[in-house]
Structures are given as C-alpha cells and as structure tokens.
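Reviewing the structure listed below.
The values are calculated or read from the model by the stated rules, or taken from the named source; none is laboratory data. This one's a predicted model, so the numbers in the text were calculated from it and none came from an experiment. Note that each Cβ is placed from the backbone with ideal geometry, even for glycine, and that neighbours are counted across all protein chains shown. In case anyone asks, the SASA skips ligands and DNA or RNA and just uses the protein heavy atoms, side chains included. Shrake-Rupley method; radii C 1.70, N 1.55, O 1.52, S 1.80 Å.
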Amino acid sequence: MKHELEAAWEETDRIFGFVAEDALLARPIPLRQPLLFYVGHLPAFAWNHLGRGVLNLPAFAPDFDALFEAGIDPPDDAEPPRQDDAALWPPLDAVLAFRDRIRSELGRVLGEPALAEVLPMVLEHELVHQETLLYMLQQLPAAAKRPPAGLAATPKQPAAPPKSERVRVPAGLARLGAASAEFVWDNERPEHDVQTEAFVIDSLPVTHREFREFVSAGGYDDPRFWTEDGWRWVGQTRRAMPHGWSTHAGEWSVATLFRDVPFDEAAEWPASVTHCEAQAFARWSGARLPSEEEFHRAAFATPDGGARPHPWGDAPPALAHANVGLRRLRPAPVGAHPSGVSAFGVHELVGNGWEWTGSPFRPFPGFSPLARYPGYSANFFDDRHFVLLGGSWATPLRLVRRSFRNWFQPHYPYVITKFRRVYPNR
Ligand SMILES: [Fe+2]
C-alpha cells in the first residue's frame with residue numbers, strides 16, 4: 001500500500017507537469033477551484049486523515065490544512081465565484097513546500113498498523129482526483145499545456161471492426177456491489193443480486209459519427225426527445241452540439257486532452273456527452289439508457305448464472321482489454337478492444353469513457369456511510385446525480401473494478417463519458 005501511494009504521488013506530479021506553471025491559477029471549469037487548489041488538496045487530504053486524523057500528529061500548517069480541505073460540487077446553474085484568485089491562493093512554492101513536508105512526514109509513518117484502515121481511502125481519493133484533473137486539463141487552452149512524450153499508441157480500429165449490433169441478454173441475476181474485505185467506497189456495499197428482465201442492448205457504444213446524425217437531424221431543436229429538465233438546459237445554454245465539439249468555417253473538430261482533432265479523426269470514438277444528451281439521443285432512436293442493473297448483467301453476468309470480475313473474465317485490466325489506466329490519455333475507436341468482450345457478446349463496457357446509465361445515484365439497500373468520510377457518497381443521494389460505470393482512459397487501474405460507481409449531474413459536460421442504448425424488448 002505504501003508503494004502504491006508513492007506511485008500515485010508520482011503519477012499526480014506527472015499530471016501537474018502537463019500544466020504550464022503560469023496556468024496553475026486558471027479555473028478550467030469555472031465552477032470549480034483553480035488547479036493550484038488541487039496541488040494542495042491531495043496532500044492536505046492525506047495529512048488530515050492519516051497524520052492528524054489517525055496518528056494525532058501536531059499540525060505544522062493549520063491554515064493550509066483548512067484551506068485545502070474540501071473541494072466543491074456546486075449546482076450547475078450557480079454563478080462562478082468572483083474572488084481574486086491571485087490574492088486568495090498562496091504562491092506555488094509555498095504549496096509545494098506544504099506538499100513535500102506532508103509526503104516526508106507521512107513517508108516515515110506509512111507502515112504504522114493504525115493507518116492500514118484509512119490508507120486505501122487516501123490512496124483512492126488521490127486516484128479519483130487524477131481523473132478529475134485530467135478532464136479539467138482538457139478544458140485548458142493548448143498553449144497552457146505541455147504534452148508528454150512517449151504515450152502508448154492508440155490502436156487503430158481492426159480491419160474488420162466488430163459491427164454495432166443489438167444483443168439480447170436473457171432474464172437473470174445481476175450482481176451489484178462488493179463483498180470483499182478489501183477497501184471499497186461506502187456506495188459499493190453491500191453486495192446484492194438483482195433480478196433483471198431480458199433486454200436488448202447495443203453491442204458497442206454510440207460514436208461521434210452516429211451522434212452527429214442526431215445533431216444534423218435537428219435533435220437539439222426538438223423538445224420531444226428531451227426530458228423537461230434537459231430541454232430547459234438546452235434553452236439556457238443555447239447548446240446545439242456536445243460540449244467538446246466546435247465548428248470553424250464549416251470544419252468540425254473534437255476536443256482531446258492536448259489538442260482539438262478534426263472530426264474525421266474522432267468519428268469512431270465514443271460520443272462523450274452529458275446524461276441528458278445521451279438520453280435525448282436514445283429517445284430519438286426509439287430506445288433508452290440501460291439501468292445500472294442492466295449494465296451489470298450485460299457486462300459481468302455469464303449465461304450459466306455466474307458473475308465475473310471483469311467483462312473478459314478474471315485477468316486484471318490491461319490495455320489489450322480496455323482503454324484505461326492513463327496510458328494513452330486519449331480515446332480509441334469503438335471496437336478496438338475485441339478481447340474485452342463480455343460473456344453475452346457486448347463490447348467495450350469498460351474503458352474509453354464512463355458509461356451513462358439511466359439510474360439515479362442511490363444507496364444500495366443496507367448502505368452505511370464511511371465513518372471517516374461520511375459525506376463521500378451520502379451528500380449526493382439527491383436524485384440529481386446519475387450513475388456511470390466502467391471507467392475511461394483517464395481512470396487509474398485500481399479503480400477499474402466491477403463495483404466502482406461514479407456519479408455526475410445530468411448537465412455536467414466535462415467528464416469523459418460514453419453511452420449505449422437499450423431497445424424495447426420485442
Ligand atoms: Fe477531494
């Protein structure tokens with residue numbers, strides 16, 4: 001665990017290294033804190049929980065402990081803050097010194113048995129933030145970024161890519177949640193089985209190319225396809241295409257972490273859209289989003305009634321199965337990971353983008369909050385957040401597990417997502 005945490009620190013530093021130093025006060029997502037906050041937040045969280053929380057070590061910078069304590073999840077119609085960031089936040093040198101002091105103080109005590117229970121939570125908090133940082137950086141202008149050398153190559157679509165088909169998944173049990181004694185977040189417990197009806201699901205996620213048909217057909221001008229809430233959002237934001245798309249002189253392009261790419265280059269990538277856009281596309285094509293249970297059944301159940309840890313079986317996640325783990329730092333064409341197929345023949349349920357479900361984020365029956373972080377999930381059980389599953393190219397490998405649940409508001413356009421449809425069961 002100590003080595004895993006140290007490796008995570010290294011990865012976090014690699015990610016901050018993608019940002020030009022003078023861009024650290026930027027707020028790439030206007031409603032969130034500036035990037036510099038996260039330089040201090042990750043060590044502060046570790047220190048507040050491990051050093052101060054468990055070991056009762058004396059504070060050496062209580063003002064920083066408090067300043068960097070908590071992130072924010074503002075309502076998506078809130079006003080961006082107006083404070084002067086340059087005056088509010090300490091200089092980078094001071095934040096880095098705070099970080100390094102925490103790392104060296106904790107480095108001396110990480111082997112203490114008393115920390116064993118909280119250490120995985122601190123590690124996973126850091127890993128969850130790595131993905132958040134990456135999708136925030138995607139919003140920064142290219143001039144503020146320093147792309148790394150030596151990323152793993154993006155696979156081309158196979159010469160004969162799997163075609164998107166409709167796959168019938170028979171009625172049966174879906175296994176949700178985790179039973180293991182290992183650390184998981186509170187919202188992943190308890191493990192339980194849910195009986196699902198038979199359903200018909202896309203074998204591949206919807207691509208940008210497919211989503212453009214909806215855009216070109218006037219999908220953003222027709223209230224019939226949208227929920228009431230989604231239609232209000234389209235009107236308020238005057239949205240006419242997904243957040244990551246842009247058009248200049250008739251040429252379409254799609255945002256990636258380090259640059260915008262011509263639409264053709266991104267056409268076979270999964271469409272990364274908000275929940276309400278995914279929902280509208282599904283309704284436009286006579287379908288709906290899968291429920292959380294249906295996703296689990298399609299991904300992890302087997303025809304003989306079992307459940308596997310990953311769609312492909314027992315092997316730990318690797319780039320051959322799925323585009324995960326911050327190795328490529330960009331999407332891959334759908335269907336480029338045929339060895340990740342599930343037992344029912346559904347492709348790419350894990351990786352490339354968090355997959356939207358139609359299910360609001362709710363506690364499992366028997367939920368009990370984490371004693372040391374009671375608000376982690378419970379603050380979001382408001383039916384204003386929807387569950388996403390499976391992980392993206394920006395998801396650290398440790399979080400690629402069957403029971404891991406992600407959740408976002410239906411208009412939040414920054415997350416790396418994908419979606420597929422479930423059809424009326426005829
Ligand atoms: Fe946090």
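If we count every other residue with Cβ under 11 angstrom of residue 64's Cβ, Lys/Arg +1 and Asp/Glu -1, where does the sum land? Local charge sum for residue 64: -1. Once the 1.4 Å probe is applied to the protein heavy atoms, segment 287-404 comes out at 33 Å² accessible per residue. Comparing mean-square fluctuations of 282, 86, 332 from a GNM of the chain with C-alpha springs under 10 Å, the top value falls on 86.
If you plug the beta carbon distance of residue 224 and residue 423 into 1/(1 + (r/R0)^6) with R0 = 25 Å, you get a FRET efficiency near 0.85.
In this structure, residue 216 and residue 372 have a Cβ-Cβ separation that, at R0 = 35 Å, corresponds to a calculated FRET efficiency of about 0.10.
Looking at segment 81-122, the accessible area is 54 square angstrom per residue; that uses a 1.4 Å probe and ignores ligands, DNA and RNA. Which residue, 279, 130, 195, tops the fluctuation ranking in a GNM of the chain built on C-alpha contacts under 10 Å? Checking each option, the largest mean-square fluctuation is seen for 195.
Counting only heavy atoms of the protein chains, get the accessible area per residue of segment 123-229 (1.4 Å probe) and round it to a whole Å² value.
I get 47 Å² per residue for this part.
Modelled spin labels at residue 247 and residue 192, positioned 7 Å past Cα toward Cβ, are 4.7 nm from each other. What separates the Cα centres of segment 293-320 and segment 177-228 is a distance of 16 Å. Our helix-only sum for the chain, with -39,500 (n - 2.57) per DSSP H run of n ≥ 4 divided by its residues, gives a mean residue ellipticity at 222 nm of -8500 deg cm²/dmol. Relative contact order, whole percent, for the chain stands at 19, derived from Cα pairs under 8 Å and 6 or more residues apart. Each Cα pair under 8 Å and six or more residues apart adds its sequence gap; the mean of these over the residue count of segment 335-426 is a relative contact order of 33 percent.
Loop sites only, by DSSP: take the GluC sites (Glu not before Pro) in the chain that have at most 15 other C-beta atoms within 10 Å and name the longest stretch containing none of them. The partial results should precede the final answer.
Values: sites that count: 69, 117, 165, 182, 197.
Excluding the exposed sites themselves, the longest stretch runs over 198-426.
Inter-part distance, segment 390-426 to segment 259-273, computed on C-alpha centroids, equals 18 Å. Label-to-label distance for residue 327 and residue 153 is 1.4 nm, based on points extended 7 Å past Cα in the beta-carbon direction. Taking a quarter of the surface of the Cα convex hull of the chain gives a mean projected area of 21.0 nm².
Ligands, DNA and RNA left out, the 1.4 Å accessible surface of the chain is 52% carbon and sulfur atoms. Within segment 396-426, find all residues whose amide N lies under 20 Å from a label point positioned 7 Å from the Cα of residue 381 along Cα-to-beta-carbon. Answer for segment 396-426: 403-410.
For residue 267, what is the net charge nearby, where nearby means another residue's Cβ is under 11 Å from its Cβ and Lys, Arg count +1, Asp, Glu -1?
Charge balance in the 11 Å sphere: -2.
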